[in-house]
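To start, the structure itself, in structure tokens.
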Amino acid sequence: MNEQPKRETFFGGCPHDCPDTCAMIYEVEDGKLVEVRGNKEHPMTRGGLCVKLKDYHDHHYNPDRLLHPLRRVGPKGSRQFERISWDDAIAEIATRWKDIIAKHGSQAIMPYSYLGNEGLVQGLTCGDAFFNRLGTTVNEKTFCASGSSTAWLLTVGPTGGVDPESFTHSKYIVIWACNSISTNLHHWPFVLEAQKKGAKVVVIDSYRSRTAKAADWHIAPKPGTDAALAMGIIAALIRGGYVDDAWVNAHTVGFPELAKRALDFTPDYVEAVTGVPAQDVAQFAREFATVQPSIRMGVALERHAGGGQTIRAVCAIPALAGSWRHVGGGLLQMPLWEFPVDWAKVSRPDYIRPGTRVVNNLQLGRALTGGMQLDPPVMGLFVYNTNPVSQAPETNRIVEGLSREDLFFVAAEHFITDTAAYADIILPATMAGEHDDMMFSWGHFYLTLNEKAIEPRGEANSNAEIFRLLSKAFGFDDDPRFTMSDMELAAHYIQWDAPQMGGIDMEYFRKHGYFHLAVGTPDDRLPHANGNFPTPSGKVEFMVEDAKNFVAPPFRMMYEENQSGEDVDPLPGYMPPRESAETNPNLAEHYPLNIISPKSHGFLNSCYANEEHKIKGQGEQFVLISPKDAESRSIREGDPVRVFNGRGDFEGLARVTDDVGEGVIVATLGYWRSLNRSDGSVNSISSDEFCSLGRAPTFSDNLVQVMRVN
Ligand SMILES: Nc1nc2c(c(=O)[nH]1)N[C@H]1C(S)=C(S)[C@@H](COP(=O)(O)OP(=O)(O)OC[C@H]3O[C@@H](n4cnc5c(=O)[nH]c(N)nc54)[C@H](O)[C@@H]3O)O[C@H]1N2
Ligand SMILES: Nc1nc2c(c(=O)[nH]1)N[C@H]1C(S)=C(S)[C@@H](COP(=O)(O)OP(=O)(O)OC[C@H]3O[C@@H](n4cnc5c(=O)[nH]c(N)nc54)[C@H](O)[C@@H]3O)O[C@H]1N2
Ligand code: SF4
Ligand SMILES: [Mo]
């Protein structure tokens, strides 16, 4: 008799660093993952996953996956490894680290991670507690949204802002530096629903992205000039008499000072700086203030020298127009702030020894190659949940650092990425169907359970298990934090008695898979109609006296006294890009084009960019260039071109198009340099300088030259 194969389902949460955090269903047959689909019940996921994840079950079975611990046998970067046992791998790591600690001190070891896995248990900070106890260098993790977050916390405090689902109530939607159709796909139906009901959709983007093409109005400021545009809009609101005086008087701080500064932004000046016609700025201000508007701010708004300051200026606009009075009115930055997660339990900053140094993610190249005064130097590096050779700036310098013979480098990964290729030891990590986790979200208000659906392939271990093994090797298992199972950790990190949890327990997740925080429903959430901002004054703070720079948790967990940095401008304002004709004419003479490097539609950061069918869907690395800039360089459609500056270069195929303005080129992110035409990618040319707040990156503030490759 033929037995029917046994089919089981489990709840999943997409592990990626994506605002949508889709609720998934794992289908398992005879212990094999046979399908992963979107949960139909979930109000945002609505049963659909994106192109990246639509064959996620197959991704688990990719033949290139790492299944066993490996030890390097060839030269660094040669991708020659031998299989070793977990016992040997952990013993070798422990021996080498103990040796480094004896010779150089524990700070010579540096952990390095990001949100390649977004789970509370397996994600960003899952190794912090271990490394803090070991006494290593503290890793500051500011790849994404930390400048935006610092600006947000200074201006409106840790509020979740507008529920993305509430956008159906908006009558005017501004999507500012966000390519929703590629990067926030599950928000788009809510925008379309509002549009159907008559809302105007405005996209402010430095090039005509997929989302800009679908908008009612595309406004295209030059990269990095959005603060001038925002200050121009503020001035136009004031000049036009559109400010909601009653709301502003009751619920904001520093309006007179902001107004004084904004009025210096004359229409002519704003047009000259941003390239946006003065009448468009005036029209935008009029339309914005006379209907009920909401703004979705993209992370890309922070990616230039004045990034944080830009976001403070943008945050002022809905406050001036009184937008927070309406359901769906105000701003969406990141709902993250209202998640009742106890980050101190995750990261254990109490273990950090006073005086411990901090090294930022974006400056890995400097840190490894003597570009920073580091005493002791970094002698041991542990990278997990991130692929800096593809994703971090100044990658040539990172490669130089990773090639150092005296560096002991361990990576935990799914694949031998362009980063892991340089490791001395590689540890195979589980994929989402193979471990338990709980997903917070930075794009909506749901907590999502991810259940282990299948046994890990090969000998893969979850990140949390890797840190349990290391904790045991170092004798840390006296603290129960280091022996809890993945599911126990998930439960441990959530503040169950917080009002946002609505009195539910883990059983609720086992039954439903996800939970919309009890912070109001999308149809009635109105957190700030009467102020109530979680700032010191309870108001929107346009002006912050004695403002200091800082990096917010969870991007950096630190003991209190080391949290705040240099003084910052008390008011929002425009800081021109660091690399522009205006600020650096000499550089602009050699490298006249401003490059932006947004996300690829078909990859999730660098994930999937090693899979042939995904590369086919996305197309090989391309460079969008305006007809005029192409012509002056004898570049035709489809020509291979080299993009370069003093930091490095990469090659791609030219796409000559009006979608970009003169002086701007676009090359999307995620491609592996080892699979590109030349051994380079967009981050070969990008700078590791920080933006004005939160030590965020400046990926949109880079000048380059382009040449046809013969
Ligand atoms: N398909 C896909 N989705 C993703 C990701 C991915 O890699 N692929 N990554 C995820 C991650 S980590 C993040 S942070 C989010 C990011 O999602 P988004 O915030 O949408 O990020 P980007 O695509 O980098 O940039 C958005 C848009 O900003 C524009 N832009 C760049 N610089 C400027 C500027 O100075 N001014 C203005 N006005 N516009 C500018 C770009 O042209 C781009 O169209 O996406 C997430 N979702
Ligand atoms: N030029 C330019 N550069 C950028 C950006 C840009 O817009 N332009 N965007 C920046 C932004 S917003 C971000 S968020 C960063 C993202 O940069 P990264 O966080 O480095 O992004 P990913 O490419 O997703 O790298 C995640 C890696 O972790 C691995 N991984 C996934 N899950 C697990 C796991 O459970 N365990 C372990 N051990 N490994 C796992 C994956 O295989 C992958 O190699 O890139 C930044 N870089
Ligand atoms: S990458 Fe984003 S859109 Fe795609 S399945 Fe994951 S959460 Fe959903
Ligand atoms: Mo990001």
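The values are calculated or read from the model by the stated rules, or taken from the named source; none is laboratory data. On a predicted model such as this, the values are computed, not experimentally measured, just so you know. Glycine gets a Cβ as well: all are built from the backbone with ideal geometry, and neighbour counts include every protein chain shown. Each accessible area value is taken on the protein alone, full model and side chains, heavy atoms only, with ligands, DNA and RNA left out. Shrake-Rupley method; radii C 1.70, N 1.55, O 1.52, S 1.80 Å.
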* Once you have the Kirkwood Rh of the range 162-332 from its Cα pairs, apply Stokes-Einstein at 25 °C and 0.890 mPa s and quote D in µm²/s. => 156
* Structure fact -> The aspartates and glutamates whose Cα lies under 13 Å from the Cα of K196, excluding any fewer than 8 residues away in the same chain, are D216
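Name the shape class, rounded, prolate or oblate, that the alpha-carbon gyration tensor gives for the range 279-318, where a ≥ b ≥ c are the square roots of its eigenvalues, rounded holds for a/c under 1.5, and otherwise prolate holds if a/b is larger than b/c and oblate otherwise. Walk me through the numbers on the way to the answer.
Values: a/c = 2.59, a/b = 1.90, b/c = 1.36.
Because a/c hits 1.5 or more and a/b exceeds b/c, the range 279-318 counts as prolate.
Taking only C-alpha pairs under 8 Å that are 6+ residues apart, what is the relative contact order of the range 7-60 in percent?
Values: 89 pairs, mean separation 14.1, N = 54.
Once normalised by length, the contact order is 26 percent.
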* Asked: Given the protein chains as shown and a 1.4 Å probe, how many square angstrom of C178 are accessible, to the nearest 10?
  -> 10
* Ranked order, H326, H613, H59 - accessible area, probe 1.4 Å, largest first -> H613, H326, H59
* Cross-link partners of K54 among lysines (Cα-Cα below 16 Å; sequence separation of 8 or more within a chain) -> K40, K614, K616
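Which semi-axes, in whole Å and largest first, does the equivalent ellipsoid of the range 7-60 have when worked out from the alpha carbon gyration tensor as the square roots of 5 times its eigenvalues?
Values: eigenvalues 67, 31, 14 Å².
Over the Cα atoms of the range 7-60, the ellipsoid semi-axes are 18, 13, 8 Å.
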* Rounded if a/c under 1.5, otherwise prolate or oblate - the range 149-244, Cα gyration tensor axes -> rounded
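Can you give me the relative contact order of the chain as a percent, contacts being Cα pairs under 8 Å and 6 or more apart?
20
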* First select every other residue whose beta carbon is under 11 angstrom from the beta carbon of V399; then total the charges, Lys and Arg +1, Asp and Glu -1. => 0
* Give K200/K345; K76/K98; K76/K599 a once-over and call out the pairs whose C-alpha atoms are over 32 Å from each other. => K200/K345
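Which sequence of M707, M431 reflects their accessible areas, 1.4 Å probe, from the largest down?
Working: M707 90, M431 0 Å².
Putting M707, M431 in descending order of accessible area: M707, M431.
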* Distance between the range 290-311 and the range 334-348 - C-alpha centres, whole angstrom -> 23
* 3J(HN,Hα) from dihedral phi, the range 486-498, Karplus parametrisation 6.51/-1.76/1.60, rounded to Hz, x for glycine, proline -> 4, 5, 5, 5, 4, 5, 5, 7, 8, 8, 4, 8, 5
* Which whole-number percent gives the relative contact order of the range 162-332, counting Cα pairs below 8 Å spaced six or more residues apart? -> 32
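Where a ≥ b ≥ c are the square roots of the eigenvalues of the C-alpha gyration tensor, would you call the range 585-708 rounded, which needs a/c under 1.5, or, failing that, prolate if a/b is larger than b/c, or oblate? Before the final figure, lay out each step's value.
Details: a/c = 1.71, a/b = 1.09, b/c = 1.57.
The shape class here is oblate.
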* Structure fact -> For K260, the aspartates and glutamates lying under 18 Å Cα to Cα, once residues fewer than eight places off in the same chain are dropped, come out as D244, D245, D268, E541, E545, D569
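Want the number for D55 to R210: 0.36 nm per residue separation, take away the alpha-carbon distance, what's left? Could the numbers behind the result be given before it?
Working: separation 155, 0.36 × 155 = 55.80 nm, distance 2.29 nm.
Result for the pair: 53.5 nm of gain on full extension.
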* To do: Could you please put F644, F339 in sequence from largest to smallest accessible area, using a 1.4 Å probe?
  => F644, F339
* Structure fact -> Measure of exposure for Y422: accessible area at 1.4 Å probe, Å² rounded to 10, is 40
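Using the Cα atoms of the chain to build a convex hull, what is its mean projected area in square nanometres? Don't skip to the answer; put the middle values down first.
Working: hull surface 124.0 nm².
Mean orientational projected area (the chain, Cα hull): 31.0 nm².
Which value results for Rg/Rh of the range 456-610 when Rg is the Cα radius of gyration and Rh the Kirkwood radius based on the inverse mean 1/r? Spell out each step's value before the answer.
Numbers: Rg = 23.7 Å, Rh = 22.3 Å.
My calculation of the ratio gives 1.06.
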* To do: May I ask you to give the solvent-accessible area per residue for the chain, in square angstrom, as obtained with a 1.4 angstrom probe?
  => 35
* To do: Take the alpha-carbon centre of the range 648-668, take the same for the range 1-71, and report the distance between them in whole Å.
  => 35
* Cα→Cβ-extended label distance, 7 Å offset, between D245 and N584, nm -> 4.6
* Structure fact -> Counting only protein heavy atoms and leaving out ligands, DNA and RNA, the solvent-accessible surface of E507 at a 1.4 Å probe, in Å² to the nearest 10, equals 110
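Given a 1.4 Å probe and every protein chain left where it sits, what share in percent of the accessible area of the chain is carbon and sulfur? Spell out each step's value before the answer.
Numbers: 12240 of 24890 Å².
Carbon and sulfur atoms account for 49 percent of the accessible area of the chain.
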* Over what distance in Å are the Cα centres of the range 402-420 and the range 89-119 separated? -> 12
